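The values are calculated or read from the model by the stated rules, or taken from the named source; none is laboratory data. Predicted, not measured: the structure shown is a model, and the values here were computed from it. Every residue, glycine among them, receives a Cβ derived from its backbone with ideal geometry; neighbour counts consider all protein chains shown. Just so you know, the surface numbers come from the protein's heavy atoms only, side chains and all, with ligands and any DNA or RNA stripped out. Shrake-Rupley method; radii C 1.70, N 1.55, O 1.52, S 1.80 Å.
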Amino acid sequence: MVTHESGGHHHPPSGFIRKYIFSLDHKVIGLQYYFLALFSVFLGMALSMLMRIHLVWPDAKMPFTPGGQMTPEQYLALVTMHGSIMVFMVLTTAPQSGFGNYILPIQIGAEDMAFPVLNMLSFWTTFVSLMVLVSAFFVTGGAPISGWTAYPTLSALGEIAGPGQGAGQNLWIIGVAIFCIGSLLGALNFITTTVDLRAKGMTLGRMPLTVWAWLVTAILGLLAFGVLLAACLLLLLDRVAGTSFFIPGGLVVTDTPIVSHTGGSPLLWQHLFWFFGHPEVYIAILPGMGVASHVLSTFSRKPVFGYKAMVGALGAIGFLGFCVWGHHMFISGMSPYSAFAFSLLTMTIGVPSAIKTFNWLGTLWGGRIQFTTAMMFGLGFVSLFVTGGLSGLFLAQPSIDLYLHDTYFVVAHFHLIMGVAAIFGIFAATYFWFPKMFGRMLNETIGKVHFWFTFVGVYSIFMPMHFLGLAGHPRRYADTTGVNFLAPLHPVHYFITIAAMITITAQLIFLFNFFYSMKAGQRATENPWNATTLEWSIPSPPPFDNFAGHIPVVYRGPYEFSVPGATDDYIPQYLAPERVGKAH
């Protein structure tokens, strides 16, 4: 049993290395994760921009390509690395490991995470995984071409399967496996911290919805990343040890029979991967749901509508997320009866999602809404979550998915629901907790300019992709100029590429605001948003041990706004009942 006395306590660091590099402080580790994700997201956007330019101007001279001309294999390598970096190093890392590490212990009244050394190791494991993943660009053959899903047999056969399928694919597998280990370490820490280190009075029913979201996400990670780790090990054995987990017999590649393998099943990889892959969607987006709930309540000056239902919906989404992996495999030849079951379960997951959406609207209804930048990104999250979710209803039908599965419709759907919705959650969290992390305010005017460019931009990029998919435009094609029926769709690609250029450039506005405000932003007051949770009871940035040895006592729930009879429109969790002002 880890307690406040036994867990999460260690002495202040005495040197630069221990304080900023191999730190045991959850706040420093949270920032390390955040900056790793910040580097990764700009790398991922750069790769996507190269793809978009090549799609519109296939003969353009491109950097980092032999002879300046991008080959189809190099395009597929960009697709693979863009997806892998964004999914693992950004969407999984920033919302959970970044903000969760920094904020969760403070919100529950803990001095640190339960296992500080494990926390440090989880970050550096993740850092090593990023380095291994990126190193695939620099080996003979380059990065792999098998996509972020790495389907066998393309990913399992080795160099004979094409450029990047030798050392590059090995590095991809090893990098992802290392990431799984770091994520498992982090998940254990999050669960133990939340269960055992809550302050006096911080019952489960008084935890902020952000904490609930991080807890459910950690449980998903603990169950899902172990499966992906095992799958990566099996795939690596197929490649280097001669096993045949995923490689069937009778294969002929470029007129060469593959006689050293027999009896494997490529579909086994799909089952293992998507058993991880669909919960991964919720690992990326559940923290954003928690942040959106938290921010919408704070800036509408109202309690969260249906707190218990919101908690139940988080749990239901987490549970059902493990029951629907087969909807990624409708075209794999599965039994129609299995497809029907997965389709029904996929539609069922819309129920808790709808509960959350209507409760967000209920929270806003009748509130005194303050349109801060954090609030606008929170509202943007809700908008993108609903829009991306609606397109998922079509893909949940096997008969419709047969047509849409390999088209840009799917690209548009998962970028909206998993990609930019989660990114908007990250932005909402950044603008909301920046004063807590750095003691200064981000510039609100610049922030709102950044919001509008980003909000309009992502819809301009991904809404037209739905129409490309409905027109039958296949995804993963490096060059469509030779496909006659796609010629009328080229102007749509041109529009998407220009929108992507503007949207990506607009992120430099955020980058300037972020680093300028770190040094020269307006100094934040102790509680600039008049919020109620425990992180606003201590100085900004927080001291080393968060509460200076005085662990708070929690007296009420996390969203006590506009309480009838109170003088202020908010009552903090840590304020004793006798200190609450009464209106006369």
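Listing for the model above:
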read-out	value
Selection from the stretch 419-450 of residues that are open to solvent by 10 Å² or more (accessible area, probe 1.4 Å) and either without any contact (Cβ under 8 Å) to a residue 60 or more places away in the chain or closer than 30 Å to TRP148 by Cα (or both)	GLY419, VAL420, ILE423, ILE426, PHE427, THR445
Unmet criterion (only one of (1) open to solvent by less than 60 Å² (accessible area, probe 1.4 Å); (2) aliphatic (A, V, I, L, M); (3) in contact with a helix residue (DSSP H, G or I) (Cβ under 7 Å, 6 or more places away or on another chain)) for ILE331	(1)
Which listed residue, of GLY249, GLY226, GLY264, is out of contact with any Cys (no Cβ under 7 Å at 6 or more places or on another chain), open to solvent by 20 Å² or more (accessible area, probe 1.4 Å) and not in a helix (DSSP H, G or I)	GLY249
Hits in the stretch 478-492 - residues which are over 30 Å from the mean Cα position of the chain (by Cα) and either closer than 30 Å to HIS450 by Cβ or free of Cβ contacts under 8 Å to residues at least 60 places away in the same chain (or both)	GLY482, VAL483, ASN484, PHE485, LEU486, ALA487, PRO488, LEU489, PRO491
GLY205 vs. criteria in contact (Cβ under 8 Å) with a residue 40 or more places away in the chain, open to solvent by 10 Å² or more (accessible area, probe 1.4 Å) and assigned to a helix (DSSP H, G or I)	yes
Odd one out for GLY469 among (1) out of contact with any strand residue (DSSP E or B) (no Cβ under 6 Å at 6 or more places or on another chain); (2) part of a helix (DSSP H, G or I); (3) at pLDDT 95 or above; (4) not aliphatic (A, V, I, L, M)	(1)
Exclusive hit being open to solvent by less than 70 Å² (accessible area, probe 1.4 Å), in contact (Cβ under 8 Å) with a residue 12 or more places away in the chain and either more than 19 Å from VAL79 (Cα to Cα) or assigned to a loop (DSSP other than H, G, I, E, B) (or both), set PHE495, PHE510	PHE510
Some residue of the stretch 67-75 being in a loop (DSSP other than H, G, I, E, B) and open to solvent by 30 Å² or more (accessible area, probe 1.4 Å)	yes
GLY164 being buried (at least 24 other Cβ atoms within 10 Å of the Cβ) and at pLDDT below 95	yes
Count of residues meeting criterion [free of Cβ contacts under 8 Å to residues at least 24 places away in the same chain, among the β-branched types (Val, Ile, Thr) and either closer than 20 Å to MET86 by Cβ or crowded, with 19+ Cβ neighbours inside 10 Å (or both)] in the stretch 38-66	0
Members of the stretch 185-218 that are under 19 Å from THR126 (Cα atoms) and either among the hydroxyl-bearing types (Ser, Thr, Tyr) or within 16 Å of the chain's Cα centre (by Cα) (or both)	GLY186, ALA187, TRP214, THR217, ALA218
Every residue from the stretch 475-492 that is closer than 19 Å to MET49 by Cβ, assigned to a helix (DSSP H, G or I) and open to solvent by less than 50 Å² (accessible area, probe 1.4 Å)	VAL492
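One line per residue, one yes/no per condition, for (1) free of Cβ contacts under 8 Å to residues at least 60 places away in the same chain; (2) open to solvent by 30 Å² or more (accessible area, probe 1.4 Å); (3) on the phi > 0 side of the Ramachandran plot:
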{"position": "ILE283", "(1), (2), (3)": "no, no, no"}
{"position": "GLY318", "(1), (2), (3)": "no, no, no"}
{"position": "ALA339", "(1), (2), (3)": "yes, no, no"}
{"position": "THR346", "(1), (2), (3)": "yes, no, no"}
{"position": "SER353", "(1), (2), (3)": "yes, no, no"}
{"position": "LEU379", "(1), (2), (3)": "no, yes, no"}
